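Below: the structure, in structure tokens.
The values are calculated or read from the model by the stated rules, or taken from the named source; none is laboratory data. The structure presented is a predicted model; accordingly, all values stated were derived computationally and were not measured. Here the Cβ positions follow ideal geometry from the backbone for every residue, glycine too, while neighbour counts run over all protein chains shown. Note: accessible area is taken over every heavy atom of the protein model, side chains too, but ligands, DNA and RNA are not part of it. Shrake-Rupley method; radii C 1.70, N 1.55, O 1.52, S 1.80 Å.
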Amino acid sequence: MAATAVTVPSSGVPFPVSNTAARRCLLLPSPIPRRALRVVASAAAEAPPKPTQPPTSPSGIVLVDPAEAQRVHRLKAVYDQKVVPLITEEFGYTNVHQVPKVEKIVVNCGLGAEAGNSKGLEAAMKDLANITGQWPVKTKAKKSVASFKIREGNTIGIAVTLRGKIMYNFLDRLLNLGLPRTMDFLGVNPNSFDGHGNYSLGLRDQGVFPEIPYEVGGKKNGMDVCIVTTAKTDNEAFRLLALLGMPFSENIKPDVVIRKKRLKRHHFLSKGKGKGGRK
């Protein structure tokens, strides 16, 4: 049988094949069906793009994208676009700098008996850092109190002060996640203003925030939140927080100032010695 020259596509060099059986053993590539090509192309088009990792510095610190850093928080956008025009028209401000705004938020947590425990203190600081997005500082006693077994300089709690974008981020999660998840929540007290436009509220359990899972055992720590505004009166601060979404309770009426009757001298005397009494 005459030899036949066969060319392999990968090499391009012909070589002789003696018989038909040897020709059948050659694994020559077959063309891919058009239907398979269409399926592969559609799968590649529908595949989600791979997430790009944030840039890192030579020291290994993750750098923030400039576009992400300059993005305005949605609660700040609501304040600039909706709250400022409404409150300006309502109170008749003539200058935009007269409009009240949230200046800072102070979050503090008392530790009690766990203040002397290093592990409990570290765990409480990590939980508060996860909730607020900023590492807290330790608060120390300014004077010794023997009845509470506290000495001057001892750590009694932790606190954190939030400003700017982190402040709006925490306030947004507090209004839309933390307070609605509170057990038997009927609204916050509208009478918790201090008379200078600052509002304070307390939470008995930090587990209302999604950063603290319910599966974590141990003592449940509470926290106090103080919202400091630039408002001059409580009425302006109340309107500002209400427009931002603070769920004030409708069942609690605002405080009414009751003028007490001024007592005279004969009111403090006994019945026998008072005016018109027996001598």
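If I filter the range 150-164 for residues that are touching a residue at least 60 places away in the same chain (Cβ under 8 Å) and either of a type outside the set (A, V, I, L, M) or out of contact with any Lys or Arg (no Cβ under 6 Å at 6 or more places or on another chain) (or both), do I get at least one hit? Yes, the range 150-164 contains at least one residue that is touching a residue at least 60 places away in the same chain (Cβ under 8 Å) and either of a type outside the set (A, V, I, L, M) or out of contact with any Lys or Arg (no Cβ under 6 Å at 6 or more places or on another chain) (or both).
Rundown of residues vs (1) in a strand (DSSP E or B); (2) within 23 Å of Pro100 (Cα to Cα); (3) in contact with a strand residue (DSSP E or B) (Cβ under 7 Å, 6 or more places away or on another chain); (4) aromatic (Phe, Trp, Tyr), yes/no style:
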residue: Met183; (1), (2), (3), (4): no, no, no, no
residue: Gly197; (1), (2), (3), (4): no, yes, yes, no
residue: Pro210; (1), (2), (3), (4): no, no, no, no
residue: Tyr214; (1), (2), (3), (4): no, no, no, yes
residue: Lys220; (1), (2), (3), (4): no, no, no, no
residue: Cys226; (1), (2), (3), (4): yes, yes, yes, no
residue: Ala231; (1), (2), (3), (4): no, yes, no, no
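Considering Leu243, Leu175, the condition of being touching a residue at least 40 places away in the same chain (Cβ under 8 Å) and touching a Gly at 6+ places or on another chain (Cβ under 7 Å) is satisfied by Leu175 alone.
In this structure, does Val145 turn out to be farther than 30 Å from Gln98 by Cβ, of a type in the set (Val, Ile, Thr), open to solvent by 30 Å² or more (accessible area, probe 1.4 Å) and out of contact with any Asp or Glu (no Cβ under 8 Å at 6 or more places or on another chain)? Criteria met by Val145. Name the one entry in Gly195, Gly222, Gly202 that is exposed (fewer than 13 other Cβ atoms within 10 Å of the Cβ) and in contact (Cβ under 8 Å) with a residue 40 or more places away in the chain. None of the other options fit; the residue is Gly222. Scanning the range 112-153 for residues that are modelled with pLDDT of 80 or more, under 28 Å from the mean Cα position of the chain (by Cα) and part of a loop (DSSP other than H, G, I, E, B) yields Gly133, Gln134, Trp135, Pro136. The condition (being farther than 23 Å from Arg163 by Cα and without any contact (Cβ under 8 Å) to a residue 12 or more places away in the chain) is satisfied by just one residue among Pro180, Pro213, Pro190: Pro213.
Taking every residue in the range 116-140 that is at positive phi and pairing it with any residue that is in a helix (DSSP H, G or I) and modelled with pLDDT of 85 or more, at least 6 positions away or on another chain, the pairs with Cβ-Cβ distances below 9 Å are Gly133/Ile166; Gly133/Asn169; Gly133/Phe170. In the range 154-168, the qualifying residues are those that are assigned to a strand (DSSP E or B) and closer than 30 Å to Arg74 by Cβ, and the one that is modelled with the lowest pLDDT is Ile158.
Taken over the range 75-111, the criterion of being assigned to a loop (DSSP other than H, G, I, E, B), touching a strand residue (DSSP E or B) at 6+ places or on another chain (Cβ under 6 Å) and at pLDDT 90 or above is satisfied by Pro100 alone.
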